[in-house]
Structure formats: structure tokens, C-alpha cells
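K.L.:
Could you have a look at this structure, given as C-alpha cells, before my questions?
The values are calculated or read from the model by the stated rules, or taken from the named source; none is laboratory data. Quantities reported herein were computed from a predicted structural model and do not represent experimental measurements. Note: ideal-geometry Cβ built from the backbone for every residue, glycine included; neighbour counts use all protein chains shown. These accessible areas exclude ligands, DNA and RNA; they are computed on the full protein's heavy atoms, side chains included. Shrake-Rupley method; radii C 1.70, N 1.55, O 1.52, S 1.80 Å.
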Amino acid sequence: MTTHTIRVVLPFHLQTLAKVGSEVTVEVSDPANYDCVIEALEQAYPMLCGTIRDHVTKKRRPLLRYFVCSKDVSHDPADSLLPQAVLNGSEPFIVWGAIAGG
Amino acid sequence: MSGVRVLVGTAKGAFILSADGKRDKWKVDGPLFAGWTVYHMKGSTVDTNRIYASQSSDWFGQVIQRSNDGGKSWEQPGGEPAPEFTGQPVGASNKFVYEGEVGTHMWYDGTPHPWEFKRIWHLEPSLTDVDVVFAGAEDAAVFKSNDGALTWKELPSLRAQRGSEWQPGAGGLAVHTILLDPTNPNRIYVAISAAGAFRTDDGGDSWKPINRGLRSKYIPDPDAEIGHCVHRLALHPSRPDVVFMQLHWNVMRTDNAGELWTNISGNLPTDFGFPIEVHPREPETVYVIPIKSDSEHYVHEGKLRVYRSRSGGNDWEPLTNGLPQENCYVNVLRDAMATDSLEESGIYFGTTGGQVYVSPDGGDHWRAIVHDLPRVLSVEVQTLP
């Protein structure tokens with residue numbers, strides 16, 4: 001089974017909770033999809049459980065966004081496969097908070 | 001000399017204000033959890049080093065924090081990395097799951113709306129066990145942890161009290177008040193906006209509405225068994241059958257554990273308000289902060305006045321010494337007033353303008369500990385040995 005090292009960029013408040021910098025790496029196996037990345041993230045950083053997706057429904061929290069290769073993929077199915085650029089580490093999987101002004 | 005630790009939850013983090021027993025020189029620590037909304041922090045009376053905090057965000061949801069050293073350091077119970085892959089994340093301290101069939105409550109438009117967990121409004125540590133803590137949730141439910149907030153389980157029979165008919169107030173449908181009877185560990189009072197007050201006498205296995213005597217003109221049947229917008233409850237530990245209530249409009253008291261309430265608003269300039277507190281040494285001395293309503297929600301006549309009754313209600317006196325008496329338009333929210341239990345009792349409250357006031361003499365004189373915090377959501381006080 002092929003495994004991939006995925007770069008994940010986290011928003012500031014989740015960096016603080018997880019006590020990490022802006023970017024972490026997680027290992028995922030094929031078939032590697034968006035949910036695999038979040039599951040691996042929750043395994044490595046259990047304090048993030050429930051902060052990105054709901055504990056029970058596993059749905060992405062409404063005000064969080066997933067960006068991949070300069071595209072907002074938040075509304076793509078959670079089992080969508082990661083693009084090659086993310087699999088080979090040239091692009092990160094970005095978790096970001098929706099913008100709120102005021 | 002003993003001292004106090006004031007735990008302040010705000011819209012943008014938490015602060016800890018510390019002083020010795022004189023309460024004239026203060027140390028301010030914070031912001032903790034900067035940028036997050038901290039609805040409530042409360043310390044255990046069993047071990048004053050144990051503090052629980054409810055940290056939440058519209059973006060990232062609910063987080064529960066716990067300190068074992070009086071707030072110097074914090075941890076998310078269950079947030080430590082798993083030693084090896086188990087297939088199941090260990091993080092569960094923010095996992096609040098309603099028991100059984102989730103069901104619906106009533107939405108603002110009168111239609112059924114599924115129960116959805118949003119946040120914890122209030123944390124109430126047990127009076128006897130440092131690892132037991134209750135949590136009041138939005139949407140309204142009570143959760144209990146027996147392991148220091150690592151895991152939570154709902155006490156579901158509360159929602160069985162006609163929960164399908166409960167309707168949110170403007171701030172949401174939330175359990176915001178949890179009072180533990182110090183003489184009877186099985187008796188708990190809770191209050192819900194806008195469902196009313198409820199009591200259990202068996203540790204949460206069963207509940208009953210305790211709203212007889214309340215009268216609310218904003219609901220179709222003003223004397224209904226449920227549907228009242230109770231803002232806050234308070235009791236004195238020496239007389240737990242006597243409970244005081246700030247209702248949406250009217251200040252109330254019961255002398256029989258909620259079986260019947262009577263109106264004690266008396267000469268208050270307005271009977272709307274949020275917090276209510278009882279003097280820690282004088283069971284008949286009660287404090288409220290009248291607020292102009294129904295839509296303004298700032299203090300009456302631009303004057304920040306605490307009202308004190310030394311007779312258990314009806315006769316109220318304004319306490320103004322040291323408080324702004326002109327051009328003041330702040331609110332004081334329901335969980336934002338507290339007392340210490342030093343020999344000369346201190347009263348504390350925080351405002352939506354970011355001030356936290358203390359009176360070290362039971363309300364006669366006030367001074368601001370801090371002026372410019374974010375909007376204050378809650379104030380709790382620990383009296384330290």
C-alpha cells in the first residue's frame with residue numbers, strides 16, 4: 001500500500017490548540033482523499049477533534065474551508081481523491097476559516 | 001492573608017484577576033485562549049487549583065479546557081497525542097452528543113427544529129468531587145462528566161419535559177444556570193431560556209418544571225407550565241430551598257424549592273435584568289442590576305446601579321458609590337456577577353463594556369478592577385485559603 005506525506009496548513013487558532021506551527025505533515029495511504037487527511041490530522045492531534053468536522057456526522061464545520069491547488073474544494077465530496085500535487089508534497093492541503101469582516 | 005481569584009470570560013478570551021484579601025491591588029493575567037469566546041470559567045470548591053473553562057468559536061466549535069494549577073497552565077482533557085494508532089481519536093472532551101433519538105424543539109417561527117449542539121454556556125463543578133462537573137448546553141441540555149471533563153454524557157430526561165415545545169429566546173435555547181444543593185447531592189436546579197426552571201431530586205434521572213407563580217406576558221398563556229424566559233437563579237447555601245430568580249421581567253423568590261414563586265420586584269426602577277446573586281453571609285440580602293428593556297438592554301437612565309435588598313426582596317436600595325452615574329449604556333449579562341466568601345464579602349460584576357467592578361464591602365463602595373476588556377460574558381470568584 002502506497003503512503004503519502006501530506007502537508008497540511010492550519011488556521012491560527014488551530015495552530016494554537018495543537019501547539020504547532022502553520023504547517024504540519026500527516027501520513028495517508030491510498031486511496032487518499034480529503035477525509036483521510038482530516039482523520040490523520042485528528043489521530044496526530046486529538047485536540048483538533050471536533051474543531052474541523054463534527055464528532056458524530058463527520059461533516060466539515062460550516063465556517064471552515066478546504067483549499068487545494070488554489071481551488072476551494074470545501075463543497076466537494078469528502079471522499080474526493082487528493083490531486084497529485086498534494087500527494088507528492090508540492091502543494092499543501094489548506095484548512096482555513098471563512099473570512100468574516102466587520 | 002487569604003485572597004481571591006476572579007475568573008472572567010469574555011467574547012475574545014479569558015482573564016484571571018488576582019488580589020489578596022484587601023482586594024485593592026490586582027494582578028491581571030490574560031488573555032487566555034485569545035480570540036476565542038469564553039462563555040464561562042469556574043473553579044472547583046473541592047480543589048481551588050482545578051478550573052474548568054468553556055472556549056468556543058463559530059468557526060471551530062466547542063473546546064473544554066481544564067487547569068490543575070489555578071489557571072497557570074491549561075489542557076484539553078483527552079487532547080494529548082495518542083501513543084499509537086487506535087482507529088479512534090482520543091479527543092472527546094468537546095464531544096457533546098444528545099442521548100437517543102435527537103428529536104426537535106420549536107424554532108423561532110414555530111416549526112420543529114432538530115436539536116443541535118452549539119456550545120457550553122455554563123460549567124458547574126461538583127461540590128464534593130473534583131472530577132465531576134456539569135455543563136449547560138445550547139441547544140438546551142445538561143451534560144455530566146465523571147472524569148474531569150474527559151467525556152460527557154447527557155442527562156436526557158430534562159429534555160423529556162416537553163422539550164419539543166421549548167423555544168429559543170433571542171440569545172438561543174440554552175441551559176445557562178445550574179445550581180447544586182449543598183445539603184442534598186441529588187437536588188439540582190437548572191434554568192433555560194426560554195423554557196423555564198426545572199429541578200431534579202434524584203441526581204438528574206428525572207426532572208420537573210418548577211414555574212408555578214411565574215407570569216410572562218410574552219407567551220400566549222402567561223401562567224403556562226413551561227415557556228418562561230428565566231434569566232438566572234441564585235441561592236444561599238444555608239437555605240437551598242429558598243431560590244431567587246431574575247425572570248425576563250420580574251424578580252421572583254420561592255421558599256419551597258420552586259413549588260411556588262412570588263414576585264419581589266417591589267420598588268426596582270425596572271424589573272428586567274440578567275444576573276441575580278445572594279450575599280454569601282446574609283441569606284436575605286440579594287443583588288440585581290436593573291436593565292432597560294425590552295429592546296435597549298442597557299442600564300436604566302444611563303446610570304450603572306446595583307440594587308440590594310436586605311429583606312429578601314421587595315425593598316431595594318440603589319448602590320452607586322464608585323459606579324458611573326451618567327452616560328453609561330452597558331449591559332451586565334446573566335453569568336457576570338459573583339461573590340467571594342471572605343469575612344467582609346466582596347461582590348463583583350462585569351459589563352458588556354469590558355469593565356469588571358468589585359465592591360469589597362458588600363456593595364457600599366465600588367471600583368473598577370479593569371476598564372477595557374472585551375465584552376464580559378461571565379464572572380466567577382474563587383476565595384483562596
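K.L.:
Can you give me the accessible area per residue for chain B, using a 1.4 Å probe, in Å²?
P.N.:
Value for chain B: 38 Å² per residue.
K.L.:
Leaving out same-chain residues fewer than 8 places away, which lysines sit with a Cα under 26 Å from that of B:LYS22?
P.N.:
Partners within reach: B:LYS42, B:LYS72.
K.L.:
Okay, next question. Can you find, among A:PRO11, A:GLN43, A:ASN33, the residue sitting farthest towards the positive end of the charge dipole of the stretch A:3-97, where Lys and Arg contribute +1 and Asp and Glu -1 at Cβ?
P.N.:
A:PRO11
K.L.:
Give the distance, in whole Å, between the Cα centre of the stretch B:189-206 and the Cα centre of the stretch A:31-76.
P.N.:
Result: 37 Å between the Cα centres.
K.L.:
Choose one answer from B:ASP221, B:ASP255, B:ASP131: the residue with the largest mean-square fluctuation in a GNM of chain B with alpha-carbon springs under 10 Å.
P.N.:
B:ASP221
K.L.:
In 20 Å bins starting at zero, report the fraction of Cα pairs in the protein assembly as shown per bin as a rounded %.
P.N.:
It works out to 24, 53, 21, 2, in whole percents.
K.L.:
Can I ask one more? Grab the Cα-Cα distance for B:ARG281 and B:THR104, subtract it from 0.36 nm times how many residues apart they are, and report the gain in nm with one decimal.
P.N.:
Length gained between B:ARG281 and B:THR104: 59.4 nm.
K.L.:
Looking only at the stretch B:33-58, which residues have a backbone nitrogen under 15 Å from a spot 7 Å from the Cα of B:ASP69 in the C-beta direction?
P.N.:
B:49-51
K.L.:
At a probe radius of 1.4 Å, figure out the B/A buried accessible area, summed over both chains, and give it in Å² to the nearest 100.
P.N.:
Chains B and A together bury roughly 1900 Å² of accessible area.
K.L.:
Here's a follow-up. Quick one: Karplus J couplings for the stretch B:21-35, per residue in order, coefficients 6.51, -1.76, 1.60, θ = phi - 60°, nearest Hz, x for Gly and Pro?
P.N.:
Ordered by residue, 3J(HN,Hα) equals x, 6, 6, 10, 10, 10, 9, 10, 10, x, x, 8, 6, 4, x Hz.
K.L.:
On the accessible surface of the stretch A:49-101, probed at 1.4 Å, how many percent belong to carbon and sulfur atoms?
P.N.:
56
K.L.:
Could you grab the relative contact order for chain B? Cα pairs under 8 Å, six or more apart, rounded to a whole percent.
P.N.:
With pairs under 8 Å counted, the relative contact order is 12 percent.
K.L.:
Once both labels are modelled 7 Å past Cα along the beta-carbon direction, what's the A:PHE12-B:ASP147 spacing in nm?
P.N.:
A separation of 3.5 nm, rounded to one decimal place.
K.L.:
Enumerate the aspartates and glutamates that A:LYS59 could reach by cross-link, defined here as Cα to Cα under 20 Å, with residues fewer than 8 away along the same chain left out.
P.N.:
A:ASP35, A:GLU39, A:GLU42, A:ASP72, A:ASP76, A:ASP79, B:ASP58, B:GLU99, B:GLU101, B:GLU116, B:GLU138, B:ASP139
K.L.:
What is the set of long-range amide H partners of A:ARG53 at a cut-off below 5 Å, with H atoms built 1.01 Å from backbone N?
P.N.:
Placed amide hydrogens put A:ARG61 under 5 Å from A:ARG53.
K.L.:
For the peptides B:242-253, A:68-79, A:26-37, what is the packing order when you average, over each peptide's residues, the other Cβ atoms within 10 Å and list the highest mean first?
P.N.:
Answer by packing, highest mean first, reads B:242-253, A:26-37, A:68-79.
K.L.:
Per residue of B:67-77, what is the mean number of Cβ atoms on other protein chains within 10 angstrom of that residue's Cβ?
P.N.:
What the average comes to for B:67-77 is 1.
K.L.:
A further question on this structure: Hey, what number do you get for the protein assembly as shown at 222 nm if only DSSP H runs of n ≥ 4 count, each worth -39500 (n - 2.57), divided across all residues, to the nearest 500?
P.N.:
-1000 deg cm²/dmol
K.L.:
Put a dot 7 Å past each Cα toward the Cβ at A:VAL20 and B:ARG212; how far apart are the dots in nm?
P.N.:
5.8
K.L.:
Determine which aspartates and glutamates satisfy two conditions relative to B:LYS208: a Cα distance under 18 Å, and not lying fewer than 8 residues away in the same chain.
P.N.:
Within reach: B:GLU154, B:GLU165, B:ASP181, B:ASP223, B:GLU225, B:ASP241, B:ASP255, B:GLU259.
K.L.:
Sticking with this structure for a sec: For a quick check, take a GNM of chain B with Cα springs below 10 Å and name the residue from B:PRO290, B:PRO182, B:PRO275 with the largest mean-square fluctuation.
P.N.:
Evaluated over chain B, the most mobile residue of the options is B:PRO182.
K.L.:
Can you sort B:HIS113, B:HIS231 by 1.4 Å-probe accessible area, starting with the largest?
P.N.:
B:HIS113, B:HIS231
K.L.:
Quick one: helix A:34-44 against the long Cα principal axis of chain A, what's the angle to the nearest 10°, folded into 0 to 90?
P.N.:
70
K.L.:
How large is the dipole of the protein assembly as shown about the Cα centre if only Lys and Arg carry +1 and Asp and Glu carry -1, each at its Cβ, rounded to the nearest 20 debye?
P.N.:
Approximately 720 debye in magnitude.
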